[in-house]
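Right, one structure below, let's go through it.
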Amino acid sequence: MKLQCADLSLDLSSPQVMGVLNTTPDSFSDGGSYYQGGGLDLGLVVERAHKMVEEGATIIDVGGESTRPGAESVSLDEELRRVVPVVEAIRKSLQVVISVDTSSPPVIKAAAAVGAGIINDVRALQRDGALQAAAETQLPVCLMHMMGEPGTMQNDPRYSDVICSVREFLAERIAACEAAGISRSKLLVDPGFGFGKTIEHNLDMLRNLGAFAELDLPILVGLSRKSMLQHLLGRAVDERLAGSVALALLAAQHGASIIRAHDVAATRDVLTVLRAVEENTANC
(Lines give C-alpha, C1' and ligand atoms only; values in the text may rest on other atoms or scores of the structure.)
Protein backbone atom coordinates (compact mmCIF):
# COMPACT_ATOMS: atom_id res chain seq x y z
CA MET A 1 0.00 0.00 0.00
CA LYS A 2 1.20 3.50 -0.89
CA LEU A 3 0.20 6.42 1.31
CA GLN A 4 0.44 9.83 -0.37
CA CYS A 5 1.78 12.35 2.15
CA ALA A 6 1.61 15.75 0.42
CA ASP A 7 4.27 15.48 -2.33
CA LEU A 8 5.96 12.37 -0.90
CA SER A 9 4.82 8.75 -1.02
CA LEU A 10 5.15 6.25 1.81
CA ASP A 11 5.32 2.52 1.07
CA LEU A 12 3.45 0.57 3.74
CA SER A 13 3.90 -2.84 2.15
CA SER A 14 6.43 -3.47 4.95
CA PRO A 15 6.63 -1.85 8.42
CA GLN A 16 8.11 1.65 8.48
CA VAL A 17 9.91 3.45 11.32
CA MET A 18 8.63 6.80 12.56
CA GLY A 19 11.39 8.65 14.42
CA VAL A 20 10.31 10.65 17.48
CA LEU A 21 11.40 14.28 17.60
CA ASN A 22 9.81 16.16 20.50
CA THR A 23 10.45 19.90 20.59
CA THR A 24 9.14 20.14 24.15
CA PRO A 25 11.14 20.82 27.31
CA ASP A 26 9.20 18.18 29.29
CA SER A 27 8.59 15.07 27.16
CA PHE A 28 9.33 11.91 29.11
CA SER A 29 12.28 10.75 26.99
CA ASP A 30 13.85 13.47 24.84
CA GLY A 31 12.32 16.53 26.49
CA GLY A 32 14.64 19.55 26.39
CA SER A 33 17.18 17.85 24.13
CA TYR A 34 17.12 20.61 21.51
CA TYR A 35 17.24 23.68 23.73
CA GLN A 36 20.29 25.93 23.97
CA GLY A 37 20.49 29.18 25.90
CA GLY A 38 16.81 29.05 26.82
CA GLY A 39 15.50 28.57 23.29
CA LEU A 40 14.88 25.90 20.69
CA ASP A 41 17.97 25.32 18.53
CA LEU A 42 16.82 24.53 14.97
CA GLY A 43 20.31 23.38 14.06
CA LEU A 44 20.18 20.62 16.68
CA VAL A 45 16.69 19.64 15.57
CA VAL A 46 17.66 19.33 11.92
CA GLU A 47 20.83 17.45 12.85
CA ARG A 48 18.77 14.93 14.80
CA ALA A 49 16.32 14.56 11.90
CA HIS A 50 19.22 13.83 9.54
CA LYS A 51 20.58 11.23 11.95
CA MET A 52 17.24 9.44 12.20
CA VAL A 53 16.87 9.33 8.41
CA GLU A 54 20.40 7.91 8.12
CA GLU A 55 19.38 5.24 10.65
CA GLY A 56 16.33 4.24 8.63
CA ALA A 57 13.41 6.46 9.62
CA THR A 58 11.04 7.17 6.75
CA ILE A 59 8.86 9.46 8.89
CA ILE A 60 9.86 12.13 11.41
CA ASP A 61 7.19 12.80 14.04
CA VAL A 62 7.39 16.37 15.37
CA GLY A 63 5.55 17.18 18.58
CA GLY A 64 5.33 20.51 20.40
CA GLU A 65 3.04 19.49 23.28
CA SER A 66 3.99 16.78 25.74
CA THR A 67 1.35 14.08 26.09
CA ARG A 68 3.15 12.04 28.76
CA PRO A 69 1.00 11.00 31.74
CA GLY A 70 0.42 14.03 33.95
CA ALA A 71 1.49 16.55 31.31
CA GLU A 72 -0.05 20.01 31.29
CA SER A 73 -1.34 21.64 28.11
CA VAL A 74 0.56 24.44 26.39
CA SER A 75 -0.74 27.62 24.80
CA LEU A 76 -1.48 27.68 21.09
CA ASP A 77 1.18 30.32 20.46
CA GLU A 78 3.80 28.22 22.23
CA GLU A 79 2.90 25.08 20.31
CA LEU A 80 3.08 26.99 17.02
CA ARG A 81 6.53 28.31 17.96
CA ARG A 82 7.72 24.79 18.79
CA VAL A 83 6.32 23.09 15.69
CA VAL A 84 6.04 25.24 12.58
CA PRO A 85 9.69 26.44 12.28
CA VAL A 86 10.86 22.87 12.92
CA VAL A 87 8.68 21.37 10.19
CA GLU A 88 9.79 24.08 7.77
CA ALA A 89 13.49 23.62 8.59
CA ILE A 90 13.40 19.82 8.27
CA ARG A 91 11.42 19.94 5.03
CA LYS A 92 13.91 22.35 3.47
CA SER A 93 16.78 20.08 4.44
CA LEU A 94 15.39 16.56 3.91
CA GLN A 95 13.13 14.63 1.56
CA VAL A 96 11.33 12.79 4.35
CA VAL A 97 7.69 12.53 5.39
CA ILE A 98 7.05 14.75 8.40
CA SER A 99 4.27 13.82 10.80
CA VAL A 100 2.93 16.48 13.16
CA ASP A 101 1.82 15.26 16.58
CA THR A 102 -0.92 17.79 17.35
CA SER A 103 -4.61 18.17 18.18
CA SER A 104 -4.84 21.90 17.45
CA PRO A 105 -6.56 23.07 14.24
CA PRO A 106 -4.29 26.13 13.78
CA VAL A 107 -1.19 23.95 14.18
CA ILE A 108 -2.59 21.42 11.71
CA LYS A 109 -3.10 24.15 9.10
CA ALA A 110 0.19 25.97 9.73
CA ALA A 111 2.26 22.78 9.71
CA ALA A 112 0.62 21.59 6.48
CA ALA A 113 1.41 24.95 4.86
CA VAL A 114 5.15 24.51 5.48
CA GLY A 115 5.48 20.88 4.42
CA ALA A 116 3.97 18.44 6.92
CA GLY A 117 2.82 15.18 5.34
CA ILE A 118 0.79 13.44 8.09
CA ILE A 119 -1.40 14.62 10.97
CA ASN A 120 -0.89 12.43 14.05
CA ASP A 121 -3.56 13.30 16.62
CA VAL A 122 -3.72 11.64 20.03
CA ARG A 123 -7.25 13.05 20.38
CA ALA A 124 -8.44 11.67 17.02
CA LEU A 125 -9.58 15.07 15.68
CA GLN A 126 -12.07 15.63 18.51
CA ARG A 127 -11.15 19.25 19.28
CA ASP A 128 -13.48 21.87 17.84
CA GLY A 129 -12.53 22.56 14.23
CA ALA A 130 -9.95 19.76 13.98
CA LEU A 131 -11.95 17.63 11.53
CA GLN A 132 -12.46 20.58 9.22
CA ALA A 133 -8.82 21.66 9.47
CA ALA A 134 -7.59 18.18 8.64
CA ALA A 135 -9.99 17.86 5.72
CA GLU A 136 -8.76 21.15 4.29
CA THR A 137 -5.14 20.00 4.30
CA GLN A 138 -6.01 16.78 2.39
CA LEU A 139 -3.23 15.05 4.35
CA PRO A 140 -3.34 11.55 5.82
CA VAL A 141 -4.48 11.42 9.46
CA CYS A 142 -3.61 8.99 12.24
CA LEU A 143 -6.47 8.63 14.73
CA MET A 144 -5.42 7.53 18.21
CA HIS A 145 -7.46 6.33 21.18
CA MET A 146 -6.90 8.02 24.53
CA MET A 147 -9.05 7.80 27.65
CA GLY A 148 -9.40 11.30 29.07
CA GLU A 149 -6.55 13.82 28.80
CA PRO A 150 -2.80 13.45 29.42
CA GLY A 151 -3.07 15.08 32.84
CA THR A 152 -5.58 12.51 34.10
CA MET A 153 -5.54 9.54 31.70
CA GLN A 154 -3.62 7.22 34.02
CA ASN A 155 -5.90 7.83 37.01
CA ASP A 156 -7.32 4.31 37.34
CA PRO A 157 -8.37 3.63 33.71
CA ARG A 158 -11.03 0.92 33.42
CA TYR A 159 -12.73 -0.90 30.53
CA SER A 160 -15.22 -3.73 30.41
CA ASP A 161 -13.33 -4.90 27.31
CA VAL A 162 -10.38 -2.77 26.21
CA ILE A 163 -10.17 -4.27 22.70
CA CYS A 164 -13.85 -3.71 21.92
CA SER A 165 -13.90 -0.25 23.51
CA VAL A 166 -10.87 1.01 21.60
CA ARG A 167 -11.98 -0.53 18.31
CA GLU A 168 -15.49 0.95 18.63
CA PHE A 169 -14.04 4.39 19.39
CA LEU A 170 -11.75 4.24 16.36
CA ALA A 171 -14.61 3.08 14.14
CA GLU A 172 -16.68 6.07 15.29
CA ARG A 173 -13.84 8.47 14.55
CA ILE A 174 -13.30 6.92 11.13
CA ALA A 175 -16.97 7.52 10.36
CA ALA A 176 -16.68 11.12 11.59
CA CYS A 177 -13.69 11.70 9.31
CA GLU A 178 -15.49 10.29 6.30
CA ALA A 179 -18.51 12.48 7.06
CA ALA A 180 -16.19 15.50 7.15
CA GLY A 181 -14.81 14.69 3.72
CA ILE A 182 -11.62 12.85 4.67
CA SER A 183 -11.18 9.80 2.46
CA ARG A 184 -10.82 6.47 4.22
CA SER A 185 -7.71 5.91 2.06
CA LYS A 186 -6.03 8.70 4.02
CA LEU A 187 -6.66 7.27 7.50
CA LEU A 188 -4.49 5.29 9.90
CA VAL A 189 -5.31 4.10 13.44
CA ASP A 190 -3.35 3.88 16.67
CA PRO A 191 -4.82 2.00 19.67
CA GLY A 192 -2.95 4.32 22.03
CA PHE A 193 -0.63 2.19 24.13
CA GLY A 194 -0.11 3.89 27.50
CA PHE A 195 -2.79 6.51 26.92
CA GLY A 196 -5.32 5.69 29.61
CA LYS A 197 -4.34 2.02 29.86
CA THR A 198 -2.90 -0.18 32.58
CA ILE A 199 -0.07 -2.61 31.95
CA GLU A 200 -2.68 -5.36 31.56
CA HIS A 201 -4.59 -3.29 28.98
CA ASN A 202 -1.40 -2.65 27.01
CA LEU A 203 -0.42 -6.31 26.95
CA ASP A 204 -3.93 -7.34 25.97
CA MET A 205 -3.94 -4.87 23.06
CA LEU A 206 -0.53 -6.00 21.85
CA ARG A 207 -1.53 -9.65 22.08
CA ASN A 208 -4.69 -8.89 20.09
CA LEU A 209 -3.38 -6.20 17.75
CA GLY A 210 -4.84 -8.15 14.86
CA ALA A 211 -8.32 -7.28 16.14
CA PHE A 212 -7.72 -3.68 15.04
CA ALA A 213 -6.86 -4.89 11.54
CA GLU A 214 -10.61 -5.52 11.19
CA LEU A 215 -10.89 -1.75 10.69
CA ASP A 216 -9.03 -2.36 7.40
CA LEU A 217 -6.61 0.55 7.89
CA PRO A 218 -2.86 0.73 8.51
CA ILE A 219 -1.98 0.48 12.22
CA LEU A 220 0.55 2.75 13.91
CA VAL A 221 1.93 1.82 17.33
CA GLY A 222 3.94 3.80 19.85
CA LEU A 223 5.57 1.53 22.42
CA SER A 224 9.09 2.93 22.54
CA ARG A 225 10.56 3.44 26.05
CA LYS A 226 7.09 3.57 27.62
CA SER A 227 6.37 3.05 31.29
CA MET A 228 5.04 -0.46 30.68
CA LEU A 229 8.71 -1.42 30.36
CA GLN A 230 9.39 0.02 33.79
CA HIS A 231 6.59 -2.19 35.14
CA LEU A 232 7.82 -5.25 33.26
CA LEU A 233 11.58 -4.80 33.59
CA GLY A 234 12.21 -2.22 36.30
CA ARG A 235 14.23 -0.17 33.80
CA ALA A 236 14.68 3.61 33.72
CA VAL A 237 13.78 5.48 30.50
CA ASP A 238 17.33 5.37 29.13
CA GLU A 239 17.65 1.64 29.83
CA ARG A 240 14.67 0.44 27.78
CA LEU A 241 16.27 -0.27 24.41
CA ALA A 242 16.00 -4.06 24.52
CA GLY A 243 12.42 -3.93 25.77
CA SER A 244 11.46 -1.33 23.15
CA VAL A 245 12.78 -3.31 20.19
CA ALA A 246 11.14 -6.47 21.55
CA LEU A 247 7.81 -4.64 21.59
CA ALA A 248 8.47 -3.26 18.09
CA LEU A 249 9.12 -6.76 16.79
CA LEU A 250 5.95 -8.12 18.38
CA ALA A 251 3.89 -5.24 17.00
CA ALA A 252 5.23 -5.78 13.49
CA GLN A 253 4.53 -9.50 13.72
CA HIS A 254 0.96 -8.71 14.76
CA GLY A 255 0.33 -6.39 11.82
CA ALA A 256 1.60 -2.89 12.65
CA SER A 257 2.48 -0.83 9.56
CA ILE A 258 4.30 2.00 11.33
CA ILE A 259 6.47 1.71 14.46
CA ARG A 260 7.02 4.98 16.33
CA ALA A 261 10.48 4.82 17.92
CA HIS A 262 13.13 6.83 19.73
CA ASP A 263 15.87 4.31 18.91
CA VAL A 264 15.58 4.30 15.14
CA ALA A 265 18.64 2.25 14.14
CA ALA A 266 17.90 -0.64 16.51
CA THR A 267 14.24 -0.68 15.52
CA ARG A 268 15.10 -0.66 11.81
CA ASP A 269 17.53 -3.55 12.33
CA VAL A 270 14.88 -5.66 14.05
CA LEU A 271 12.36 -5.01 11.27
CA THR A 272 14.96 -5.80 8.59
CA VAL A 273 15.70 -9.16 10.20
CA LEU A 274 11.98 -9.90 10.53
CA ARG A 275 11.40 -9.11 6.86
CA ALA A 276 14.32 -11.31 5.79
CA VAL A 277 12.95 -14.24 7.80
CA GLU A 278 9.42 -13.78 6.45
CA GLU A 279 10.60 -13.51 2.83
CA ASN A 280 12.79 -16.60 3.19
CA THR A 281 9.84 -18.51 4.66
CA ALA A 282 7.64 -17.41 1.78
CA ASN A 283 10.18 -18.74 -0.72
CA CYS A 284 10.37 -22.23 0.84
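Take the residues in region 39-54 that are within 18 Å of the chain's Cα centre (by Cα) and open to solvent by 30 Å² or more (accessible area, probe 1.4 Å); name whichever of them is nearest to Leu21 (Cα to Cα).
It comes out as Arg48.
Out of region 87-107, which residues are in contact with a Ser or Thr (Cβ under 9 Å, 6 or more places away or on another chain) and buried (at least 24 other Cβ atoms within 10 Å of the Cβ)?
Val97, Asp101
Which count do you get for residues in region 95-109 that are under 19 Å from Ser66 (Cα atoms) and either out of contact with any strand residue (DSSP E or B) (no Cβ under 9 Å at 6 or more places or on another chain) or among the small types (Gly, Ala, Ser) (or both)? First the steps, then the outcome.
Filtering region 95-109 down to residues under 19 Å from Ser66 (Cα atoms) leaves 98-108.
Checking the rest, the ones that are also either out of contact with any strand residue (DSSP E or B) (no Cβ under 9 Å at 6 or more places or on another chain) or among the small types (Gly, Ala, Ser) (or both) come to 99, 103-106.
Residues in region 95-109 being under 19 Å from Ser66 (Cα atoms) and either out of contact with any strand residue (DSSP E or B) (no Cβ under 9 Å at 6 or more places or on another chain) or among the small types (Gly, Ala, Ser) (or both): 5 in total.
Taking the options Ala171, Ala110, name whichever one is in contact (Cβ under 8 Å) with a residue 40 or more places away in the chain and open to solvent by less than 60 Å² (accessible area, probe 1.4 Å).
Ala171
Considering only residues that are of a type outside the set (A, V, I, L, M), open to solvent by 40 Å² or more (accessible area, probe 1.4 Å) and within 18 Å of the chain's Cα centre (by Cα), which ones fall in region 211-242? Break it down into steps so the answer makes sense when it comes.
Filtering region 211-242 for residues of a type outside the set (A, V, I, L, M) gives 212, 214, 216, 218, 222, 224-227, 230-231, 234-235, 238-240.
Now narrow it down to the ones that are open to solvent by 40 Å² or more (accessible area, probe 1.4 Å): 214, 216, 225, 227, 230-231, 234-235, 238-239.
Those that are of a type outside the set (A, V, I, L, M), open to solvent by 40 Å² or more (accessible area, probe 1.4 Å) and within 18 Å of the chain's Cα centre (by Cα): Arg225, Ser227.
The values are calculated or read from the model by the stated rules, or taken from the named source; none is laboratory data. Since we're looking at a predicted model, the values are computed, not measured. Here Cβ is always computed from backbone atoms with ideal geometry, including for glycine, and neighbour counts include all displayed protein chains. With ligands, DNA and RNA removed, areas are computed over all heavy atoms of the protein, side chains included. Shrake-Rupley method; radii C 1.70, N 1.55, O 1.52, S 1.80 Å.
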